[in-house]
Protein chains: 2
Amino acid sequence: MGVADVSKRILLGRKLRSAQLGETLLPKRIALPVFASDALSSVAYAPDEVFIMLGLAGASAYAFSWKIGIAVALVMSAVIASYRQTVHAYPSGGGDYEVATVNLGQTAGTTVASALLVDYVLTVAVSISSGAQYAAAAIPALLGHEVLLAVVLVLVLMAMNLRGIRESGSFFAVPTYLFMVAILGMAAWGFLQMAHGSLPDVESAKFDVVPKDGMEQPLTTIALLFLLARAFSSGCAALTGVEAISNGVPAFRRPKSRNAATTLLMLGLIAISMMMSVIVLARQMGLKYVDPHDLHRLTAGGRPVEGYQQHAVIAQIARAVFADFSPGFYLVVTVTGVILVLAANTAFNGFPVLGSILAKDGYAPRALGSRGDRLAYSNGIVFLALMAIVLIVAFHAETTRLIQLYIVGVFVSFNLSQLGMIRHWTRHLKTERDPAVRRRMFNSRIINAIGLSFTAVVLVVVLITKFLAGAWITILAMAFFFLLMRGIKRHYDNVALELAADEGDKALPTRVHAIVLVSKLHKPTLRALAFAKASRPNALEGVYVSVDVAETAQLLEEWDQRNTGIPLKVLHSPYREIIKPIVDYATAIRRSNPRGVVAVYIPEYVVGRWWEQLLHNQTALRLKGRLLFTPGVMVISVPYQLRSSQIARQREEREETRVRPGDLRRGRAERDRQIQR
Amino acid sequence: MGVADVSKRILLGRKLRSAQLGETLLPKRIALPVFASDALSSVAYAPDEVFIMLGLAGASAYAFSWKIGIAVALVMSAVIASYRQTVHAYPSGGGDYEVATVNLGQTAGTTVASALLVDYVLTVAVSISSGAQYAAAAIPALLGHEVLLAVVLVLVLMAMNLRGIRESGSFFAVPTYLFMVAILGMAAWGFLQMAHGSLPDVESAKFDVVPKDGMEQPLTTIALLFLLARAFSSGCAALTGVEAISNGVPAFRRPKSRNAATTLLMLGLIAISMMMSVIVLARQMGLKYVDPHDLHRLTAGGRPVEGYQQHAVIAQIARAVFADFSPGFYLVVTVTGVILVLAANTAFNGFPVLGSILAKDGYAPRALGSRGDRLAYSNGIVFLALMAIVLIVAFHAETTRLIQLYIVGVFVSFNLSQLGMIRHWTRHLKTERDPAVRRRMFNSRIINAIGLSFTAVVLVVVLITKFLAGAWITILAMAFFFLLMRGIKRHYDNVALELAADEGDKALPTRVHAIVLVSKLHKPTLRALAFAKASRPNALEGVYVSVDVAETAQLLEEWDQRNTGIPLKVLHSPYREIIKPIVDYATAIRRSNPRGVVAVYIPEYVVGRWWEQLLHNQTALRLKGRLLFTPGVMVISVPYQLRSSQIARQREEREETRVRPGDLRRGRAERDRQIQR
């Protein structure tokens, strides 16, 4: 960008810019896989949880499985319908956080944000734990090493995201579409066999399930209801991730909102069909599935089964359906594992994006807000990975136990978001006069109200059934993030107050007294002297801290020879201190002329390698730090680039063009690729 | 110091300064304990090593013990006499490093420096290991936990030195004089008993020592010579630390050199009497002492002794001599332990001092050279402690095994230093015409030549007898430090060459184009604008990076209201990047006017708490880093001190008055105390 091109006050949203941005946007067929992996992957563990919960009352309770499935599908439909309203009303991609903040205030927004932060951690932990289970189903050698495998997977994801993975549409499209094909194909093949009456049994069909102590049939109505509520709330894990599209509207092709709404609908239909297929098939094929801690409750001929390895529901179905075609089994299990890892990766994408939105609003360190702050991004990624590893290790990579922590956060944000949407429509209805628009708004409000009522019920159910089982951990973590964000916000607000300009701030300094620090008479010093002279200060002098008689004499001689016309002041430092004499001198100048400014010019040489940094400029660095605390002083670094600084410049440029997690979701992939060329 | 006081070109060495400096200097009675703890403490382990080595050939070889003692005493006398010449010739405190560098060149100097660096580590390891042994002699509960105790002691010393211990004369004087009194008192009491014929036996007198395999009597002449050589070289551990005074001459009261030489003589006399007393008493009291790994070689009635705990030689003597007066025993053992810890502390003092000298000559990172660089000091202290701990753990805190590594380095520097002194006198004799002075120089050269011949023999003996036993580790470590220092020097030399000023460097920039970064219109920005305006650049504009339409519009409005008269340029950044647009813009300005300078003003607010630093200025920091790599740009930080910055300023001031390790030895204690008041 040349100077000439940069006209004063270029406003945002010029045609050229927007068009350039358009090129990077996603068509629906790509957007679906990019945003769907999280939501779809939950079909890999949600049905399992339903069967585990029902199985507490023995195998006969499995009769309720498809009813639970339908209940979950209903909630999902309501939530999807609600989010279709959100993407129209809030196309900016702020998602639940924006909806809650705008309509319900900052407290609600911060609550949603803390729920989302916790959920990102849990998405990684749950998806990777489940993925490790599938890997163990395909490769028996991994059995018993799921924790290690899960930890390694998280570390690999972390490393990839720190390094910057170049995500592309196909990166998501291939495995996601393969996953749909594999699961729906398996289901279709299974239903065909069912229609022929030749549907095989799964491996666990031959077992019986002993009810948990105290759950022997017949259950009281309350006990039964509670059991169904637990199964239902676990099944609601299938809803995690459907909100992703509402955060990604800006990445869609135009018309953005319409395309996003359509994609959301497609996502809902696919997710529901996959989930229902798996549940129905599992039931029909006689699946018996219990908590991995309760394997002894599986019996054969009245005696506990010995040495049985329980595989995930989809793995069991695939093994039976594709009994004569093992590649089919391996395809299903492999793509399921891959899609789970992909789902975990979405958390690595979403975490920094959320961080940057929070930073913009002052709830997170501001450095997170600017793209390209590698350090901030890296810290976020490492933090996410470490928290996920802690959870995986603490819960032995057992999906069942992690699920107990998972759904609370999701439904907290669902609820606040729906409530916010209702407020949104109510507010707009007050001013809107066009009857057609009003009708649409009324309808939207009804849809959101239905959504809210569903998600509110689920949240209550989840809280009741899961609080003691682990949800309390989530709530504690949410409270922690909430308080942290509020604290950061309060700090920024206080600083802003302290910094607010008032009328007294227009006085100009009367006088600039420039001092150039001289350590040797080499190129950097000469450059600093030249720059200082060019700025024409009211007073200009070189300042040298003398710690050695001979060196001082030599420097004075050189100085006189050079005949720069600038006086050199020698500060005496018998104790070999460098920094204190300079700070004292600057303070003294300032004190003698309080309306003036002291400009301290520091010649620096810029090197490129990390170990060179250790050998140079350490004193300059500390001096700058000290001078910043001295009122009335400005610190001027005059850099002199050594040859090796090229290395660092090239490294920085590489860094700038590097992909950041979440870029694709914000429509950045193409542009970055162009830069790299 | 007011501006008025700071006249131009104050030269060094003014009366006032020198007088102030004089107040902090050490009289001989204080200088002796300050510099002697290292040398005197070796009496706590050197005799033990002599007895261990002789004992390899059985108890009969102990007959040689006092002859070995006399040989060591002779070498020590020669070395002390030599160093008395050094303190006269080199009163600046550079010590062996300076002598070797000036007279033998940089390679010799660097060799001495690497030997000293390695020896500092070994001083800590040996002294603390021996100290742990004495502690175990006094407190039986510590037996078997010497390694842990030694590691803890090193960590405590490290923490104290990181924190800054206020050393004073009495800090050293009390324990050192107590140590002299205790050891010499014990010896006097022992000799009195001997004169009365009532000298008791030590606890190990009743044992016999089985010779090591292959060392059965009678030995061949060569085997005997080799045995005596090994005993002698181990005994030379008594010489470690005598060079300390030659590094501390500047801290002595005037006449510095004469006082230092006298103190050196006193040190030598005391050390020799202590060592000889211990050796003679041990021999007379029937001591049997073997390598702790060889305890089975101690026999009673022809059978190996069971369950015997071997205590250090001084501990055994003290227990027997003070058999009827146990406080005497505890006093001896306690002050011996204390003096050993004090000796280790001298290494913590000497290490950073040597580092700063090396830094001044370009052999170490330059930041080490300026006092008050806490980070550099801290790194050195932590490094020293960690290396010592590695050695202690690797050698199980066994003094005997650590001694094998110890003496090489000391004698390498002794040798190079004596050789350097001979060159020194030869050089001066070429020009000196005064016969009296020439005679003194001749004498000095003879003394140094005798010293060299003694230390050369010892070095050869040490290398032959100890190379395989561990000295190779020391030599490897010395080679590592040597190469590292040469590498650092080469780097600095290359940079100096690249930076050397030539005649082309006088051109002044023609034009200063100032840009003030604007993020908000708050006090820091207004101050930066005012400062920039006061510097009267040829062109001045505010620059704002726009990432949000609404915010931009608001800022533009405020800007117009303020009516600063400065144009505001808005840079468009659709991808929320802050740094790249600014760097690009600065580059573009510079390109359009290559003879000009771009002055980038960055408003910064200065906060005081570490967590506040995380929340602020991160982008400014990165931007500064990037701009430094951009040619023709100078970066101006305009700080705005928030209230909390007071905290950091106070912390910095506390930091400045903190004591650094080695201050006392450089004559700084009093002054620091004055500042603290």
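The residues of the range A:534-575 that are of a type in the set (K, R) and either surrounded by fewer than 16 Cβ atoms within 10 Å (Cβ to Cβ) or more than 55 Å from the chain's Cα centre (by Cα) (or both), listed by number, are A:R536, A:R562.
Tell me whether the range A:170-182 contains one or more residues that are in contact with an Asp or Glu (Cβ under 8 Å, 6 or more places away or on another chain) and either part of a helix (DSSP H, G or I) or open to solvent by less than 40 Å² (accessible area, probe 1.4 Å) (or both). No: zero hits.
One line per residue, one yes/no per condition, for (1) modelled with pLDDT under 90; (2) in contact with a Gly (Cβ under 8 Å, 6 or more places away or on another chain):
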position	(1), (2)
B:R283	no, no
B:P292	yes, no
B:T299	yes, no
B:R303	yes, no
B:Q309	yes, no
B:R319	no, no
B:F325	yes, no
B:G337	no, yes
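Scanning the range B:603-620 for residues that are at pLDDT 80 or above and either within 7 Å of another protein chain (Cβ to nearest Cβ) or open to solvent by 30 Å² or more (accessible area, probe 1.4 Å) (or both) returns B:E604, B:Y605, B:V606. Pairing each residue of the range A:104-122 that is under 21 Å from A:N345 (Cα atoms) and open to solvent by 10 Å² or more (accessible area, probe 1.4 Å) with any residue that is not in a helix (DSSP H, G or I) and not β-branched (V, I, T), provided the two are 6+ apart or on different chains, yields C-beta distances under 9 Å for A:L116/A:E243.
Going by what's in this entry, would B:L419 be described as within 27 Å of B:C236 (Cβ to Cβ), touching a residue at least 12 places away in the same chain (Cβ under 8 Å) and buried (at least 24 other Cβ atoms within 10 Å of the Cβ)? So B:L419 does not fit the description; no. Going by the structure shown, is B:A449 modelled with pLDDT under 90 and of a type in the set (A, V, I, L, M, F, W, C)? Against the criterion (modelled with pLDDT under 90 and of a type in the set (A, V, I, L, M, F, W, C)), B:A449 does not qualify. Of the residues contained in the range A:231-239, none is found to be more than 18 Å from A:V75 (Cβ to Cβ) and assigned by TED's automatic domain parsing to the domain that holds A:M186. In the set (1) of a type in the set (S, T, N, Q); (2) in contact with a strand residue (DSSP E or B) (Cβ under 7 Å, 6 or more places away or on another chain); (3) closer than 30 Å to B:D502 by Cβ, the condition left unmet by A:N538 is number (3).
In the range B:401-409, is there at least one residue being modelled with pLDDT under 90 and open to solvent by 10 Å² or more (accessible area, probe 1.4 Å)? Yes, the range B:401-409 contains at least one residue that is modelled with pLDDT under 90 and open to solvent by 10 Å² or more (accessible area, probe 1.4 Å).
What residue, of A:S77, A:S42, A:S60, is under 22 Å from A:Y406 (Cβ atoms) and open to solvent by 10 Å² or more (accessible area, probe 1.4 Å)?
A:S77
Looking only at the range B:203-223, which residues are assigned to a loop (DSSP other than H, G, I, E, B), open to solvent by 40 Å² or more (accessible area, probe 1.4 Å) and aliphatic (A, V, I, L, M)?
From the range B:203-223, those assigned to a loop (DSSP other than H, G, I, E, B) are B:207, B:210-220; that's our starting set.
Then keep just the ones that are open to solvent by 40 Å² or more (accessible area, probe 1.4 Å); that gives B:210, B:212-214, B:216-218, B:220.
Scanning the range B:203-223 gives a single hit, B:V210.
Taking first residues from the range B:279-292 that are at negative phi and touching a residue at least 12 places away in the same chain (Cβ under 8 Å) and partners that are open to solvent by less than 10 Å² (accessible area, probe 1.4 Å) and part of a loop (DSSP other than H, G, I, E, B), the Cβ contacts under 6 Å between residues at least 6 apart in sequence or on separate chains come to B:M285/B:V202; B:L287/B:V202. Scanning the range A:80-103 for residues that are closer than 13 Å to A:A261 by Cβ, surrounded by fewer than 24 Cβ atoms within 10 Å (Cβ to Cβ) and among the small types (G, A, S) gives A:A81, A:A89.
Restricting the search to the range B:583-602, which residues are open to solvent by less than 20 Å² (accessible area, probe 1.4 Å) and either closer than 25 Å to B:S645 by Cβ or within 8 Å of chain A (Cβ to nearest Cβ) (or both)?
Filtering the range B:583-602 down to residues open to solvent by less than 20 Å² (accessible area, probe 1.4 Å) leaves B:583, B:585-586, B:588-589, B:596-602.
The answer is B:Y585, B:A588, B:I589, B:V597, B:A599, B:V600, B:Y601, B:I602.
What is the residue count in the range B:237-258 for residues that are assigned to a loop (DSSP other than H, G, I, E, B) and within 18 Å of the chain's Cα centre (by Cα)? Spell out the reasoning first.
Just the residues of the range B:237-258 that are assigned to a loop (DSSP other than H, G, I, E, B), to begin with: B:240-243, B:248, B:253-255.
Then keep just the ones that are within 18 Å of the chain's Cα centre (by Cα); that gives B:240-243, B:248.
Final tally of qualifying residues: 5.
Annotation note: Cβ proximity below 7 Å between a residue of the range A:632-653 that is modelled with pLDDT under 75 and a residue that is of a type in the set (D, E, K, R) and not in a loop (DSSP other than H, G, I, E, B) (sequence gap 6+ or interchain) occurs for A:E652/B:R626. Do we have A:A125 as within 27 Å of A:G55 (Cβ to Cβ) and either open to solvent by less than 50 Å² (accessible area, probe 1.4 Å) or in the same structural domain as A:R283 (by TED's automatic domain parsing) (or both) here? When the stated conditions are applied, A:A125 passes them.
In the list A:V495, A:V543, A:V549, A:V518, which residue meets the criterion of being at the interface with another protein chain (Cβ under 8 Å from one of its Cβ atoms) and farther than 30 Å from A:Y363 by Cβ? Criteria check complete, one pass: A:V549. Restricting the range A:424-482 to residues that are polar (S, T, N, Q) and within 28 Å of A:I70 (Cβ to Cβ), the residue that is most open to solvent (accessible area, probe 1.4 Å) is A:N443.
The set of residues in the range A:625-652 that are closer than 14 Å to B:G625 by Cα and either of a type in the set (S, T, Y) or at the interface with chain B (Cβ under 7 Å from one of its Cβ atoms) (or both) comprises A:I636, A:S637, A:V638, A:P639, A:Y640, A:Q641, A:S645, A:A648, A:R649, A:E652. The test for being under 47 Å from the mean Cα position of the chain (by Cα), in contact (Cβ under 8 Å) with a residue 60 or more places away in the chain and within 14 Å of A:T564 (Cβ to Cβ) holds for A:F531.
The values are calculated or read from the model by the stated rules, or taken from the named source; none is laboratory data. Keep in mind that this is a model prediction, so the values were computed, not measured. Don't worry about glycine lacking a Cβ; one is built from the backbone with ideal geometry, like all the others, and counts go over all protein chains shown. For accessibility, only protein heavy atoms count, side chains too; no ligands or nucleic acids. Shrake-Rupley method; radii C 1.70, N 1.55, O 1.52, S 1.80 Å.
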